[in-house]
1. Work out the length of the dipole vector of the stretch 49-132 about its Cα centre, built from +1 on the beta-carbon of each Lys and Arg and -1 on the beta-carbon of each Asp and Glu, and round it to the nearest 20 debye.
2. Given the alpha-carbon gyration tensor of the stretch 11-83, what are the semi-axes of its equivalent ellipsoid in whole angstrom, ordered largest first, with each equal to the square root of 5 times an eigenvalue?
3. Straight-line reach only, C-alpha to C-alpha below 25 angstrom: list the lysines that Lys149 could link to, leaving out same-chain residues fewer than 8 apart.
4. Working out 0.36 nm times the residue gap between Asp171 and His151, then minus their Cα-Cα distance, what length gain in nm do you get to one decimal?
5. Please list, by residue number, everything in the stretch 11-26 whose backbone N is under 16 Å from a paramagnetic label point 7 Å out along Cα→Cβ of Leu50.
6. Please state the charge dipole magnitude for the chain, taken about the Cα centre, from unit charges on C-beta atoms (+1 on K and R, -1 on D and E), reported in debye and rounded to the nearest 20.
7. Can you pull out the cysteines in the chain that have no other Cys Cβ under 4.7 Å?
8. Tell me, what HN-Hα J-couplings in whole Hz come from the Karplus equation 6.51 cos²θ - 1.76 cosθ + 1.60 at θ = phi - 60° for each residue of the stretch 176-188, using x for Gly and Pro?
Amino acid sequence: MTRNTTKRFDWRLLVYGLVGALVITLPTLIFGNDFGTFMITVGSAALVSLVMLIIAVRAIRSRSLSAITMLFAYCAISWLLFKTSNEIRYAGRWALGSKDYKSMVLAQPASASGEFQHMEWDGWGFAGSGDTTVYLVFDPGESLEKEIKLHPSGKFTGIPCKVPKIQRLEDHWYSVQFYTDDAWGYCN
């Protein structure tokens, strides 16, 4: 009697890598970039990485391609989710609560100086390193859309400070990230 020695690809290992990547980035996707979330993410990343390494070492002899694929998927998806965590979080927050956010911003009086209606929408920081603030901005004339195409960061009409990043959420609505220690009424 002959034994079948064909090595088959184990899809479960790939799923483990994807789930592991989601587990370590979930706190950042939900809560943002504050120090507490950073510590939770580092702790969970260390634990999940150790588990992934143990699974890979146990599986490497019989299913080496599956183990390598799991580790690659874990690293690649973790990196991608960390890199895009703010965009993903903002899109999710906007999808779930845009009606409420819009009413809060539109309830504010229009600015006589030509600045956009806005509200503080997100932020993070730590003692000694400064605070970073993100505003939700209403642009009725869509002037930001035109300016973003010319330059993705810098000084924009209707925003008092230079900014490093603007993300369009939908027509007329934007998230505007200010530089650390800048705020709507105060620019360094």
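1. 720
2. Ellipsoid semi-axes (Å, largest first): 25, 11, 7.
3. Lys83, Lys102, Lys162, Lys165
4. Full-extension gain reported as 5.3 nm.
5. 24
6. I would put it at about 1500 debye.
7. Cys75, each lacking another Cys Cβ under 4.7 Å.
8. These are the phi-based 3J(HN,Hα) values: 10, 8, 8, 5, 4, 6, 9, 9, 4, x, 9, 10, 5 Hz.
Bear in mind these aren't lab numbers, they're just calculated from the coordinates by the rules spelled out. Here the structure is a predicted model, which means the values were calculated and not measured. Every residue, glycine among them, receives a Cβ derived from its backbone with ideal geometry; neighbour counts consider all protein chains shown.
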